[in-house]
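Chemist: The structure that follows is given in the form of structure tokens.
The values are calculated or read from the model by the stated rules, or taken from the named source; none is laboratory data. These numbers were taken from a predicted model, which means no experiment stands behind them. Using ideal geometry, Cβ is built from the backbone for each residue, glycine included, and neighbour counts are taken over all protein chains shown. These accessible areas exclude ligands, DNA and RNA; they are computed on the full protein's heavy atoms, side chains included. Shrake-Rupley method; radii C 1.70, N 1.55, O 1.52, S 1.80 Å.
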Amino acid sequence: MPAVPHDADKRGYLLEEYRLFHLKETRARRFSYHYHEFDKVVVFLSGQVTYTVEGRAYFLSPGDLLLVPHHHIHQPDIGGATYERYILWLTPDFLEEMGMADCFHRARSEGHLLIRPGEGQRRRLLELLTRLEEAIADRDFGHQLLSRTYCLQFLIALNRAGREDRTEEPWETYASDPKIEEIMAHINTHLADPLTVTDLAQRFYLSASWLMHRFKEVTGCSVHQYVLQKRLIHAATLIREGVPVMKAARRSGFSDYSTFLRAFRSAYGTAPRNLKSS
């Protein structure tokens, strides 16, 4: 099944505090693996979809909420049934400013991205999303403040649901490969180290050919692509924090500066120095 881009799922930029999508897919398709600079909530309503986030494939049921933190590489794979969902994009700064980032902090630290709320919570969350959708479409007096209010109410309900649903994710809700997860964790904490397929295969006592095949099968991207994207993300984060560009490149594992510049321009559409003022 070919991978295709989609307006709501491609890697993009969010200039406002939040943006809501209410989408339906009527045909099977697999999206390209990608990541965002913002946090995302997927509220699954109907259909058949497998959502792979950082190598863990989630099998969603109607009413499930999936948290996709910024910089997490992910890929939805849609089955033949009509796939309906809400998608809420949220800037990390907005979440932090409003004190609503707790659910994403927990998702990152604990690795549990799926929230399966009870019936009452599910109805409340969907009601708030419906009201948010209506308020965004409205152009009457105070519509922007009203939509922001509903967004905050939804985030409060989301964080409460996440705090209550702290049990281990049921095994039937996801599939993962512990060895690949171990390798991905190593990559993310050793970006400045050599991370070729050969290096990783030797470190983890694996066949290089098995690692290449299995990593692509589990994550949707090759080892090289994954390492490159994570290094670029780390470099961009350092640059925004004020680290000089060349030092940020070295600390992210780029030994050749020209290679870094080409990859950075391809990923971000601008030179690294321009991130300082963004």
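Chemist: Mind counting the residues in the stretch 1-45 that are modelled with pLDDT of 90 or more, within 23 Å of LEU145 (Cβ to Cβ) and surrounded by fewer than 19 Cβ atoms within 10 Å (Cβ to Cβ)?
Modeler: 5
Chemist: I want to confirm something. Restricting to the stretch 111-121 and keeping residues that are surrounded by fewer than 18 Cβ atoms within 10 Å (Cβ to Cβ) and over 20 Å from the mean Cα position of the chain (by Cα), which single residue is modelled with the lowest pLDDT?
Modeler: Per the stated criteria, the residue is GLY118.
Chemist: What number of residues in the stretch 53-69 are touching a Lys or Arg at 6+ places or on another chain (Cβ under 8 Å) and surrounded by fewer than 23 Cβ atoms within 10 Å (Cβ to Cβ)?
Modeler: So the count comes out to 5.
Chemist: Further question: Just to verify a result, which residue in the stretch 197-243, among those that are open to solvent by 40 Å² or more (accessible area, probe 1.4 Å) and of a type in the set (S, T, N, Q), is farthest from THR259 (Cα to Cα)?
Modeler: Ranking the qualifying residues of the stretch 197-243, first place goes to SER207.
Chemist: Residues that are among the small types (Gly, Ala, Ser) and in contact (Cβ under 8 Å) with a residue 60 or more places away in the chain: which strands (runs of 3 or more DSSP E) entirely in the stretch 18-66 hold 2 or more of them?
Modeler: Per the criteria, no element qualifies.
Chemist: Another one. Quick one: which of VAL227, VAL223, VAL218, VAL197 is touching a Phe, Trp or Tyr at 6+ places or on another chain (Cβ under 8 Å) and closer than 23 Å to HIS74 by Cα?
Modeler: VAL223
Chemist: Right, here's the next one. Suppose the filter is of a type outside the set (Val, Ile, Thr), modelled with pLDDT under 95, open to solvent by less than 70 Å² (accessible area, probe 1.4 Å) and in a helix (DSSP H, G or I); does ARG106 pass it?
Modeler: The answer is yes for ARG106.
Chemist: Still on this structure: Within the stretch 244-263, which residues are surrounded by fewer than 19 Cβ atoms within 10 Å (Cβ to Cβ) and polar (S, T, N, Q)?
Modeler: SER255, SER258, THR259
Chemist: May I pose another question? Does ILE87 fit the bill of being open to solvent by less than 40 Å² (accessible area, probe 1.4 Å), touching a Lys or Arg at 6+ places or on another chain (Cβ under 7 Å) and either in contact (Cβ under 8 Å) with a residue 24 or more places away in the chain or not hydrophobic (A, V, I, L, M, F, W, C) (or both)?
Modeler: Against the criterion (open to solvent by less than 40 Å² (accessible area, probe 1.4 Å), touching a Lys or Arg at 6+ places or on another chain (Cβ under 7 Å) and either in contact (Cβ under 8 Å) with a residue 24 or more places away in the chain or not hydrophobic (A, V, I, L, M, F, W, C) (or both)), ILE87 qualifies.
Chemist: Same structure, new question: Can you pull out the residues in the stretch 55-97 that are within 19 Å of ARG163 (Cβ to Cβ) and small (Gly, Ala, Ser)?
Modeler: Once the filter is applied, which keeps residues that are within 19 Å of ARG163 (Cβ to Cβ) and small (Gly, Ala, Ser), the stretch 55-97 yields only GLY63.
Chemist: SER147: of a type in the set (S, T, N, Q) and in a loop (DSSP other than H, G, I, E, B), yes or no?
Modeler: Criteria not met by SER147.
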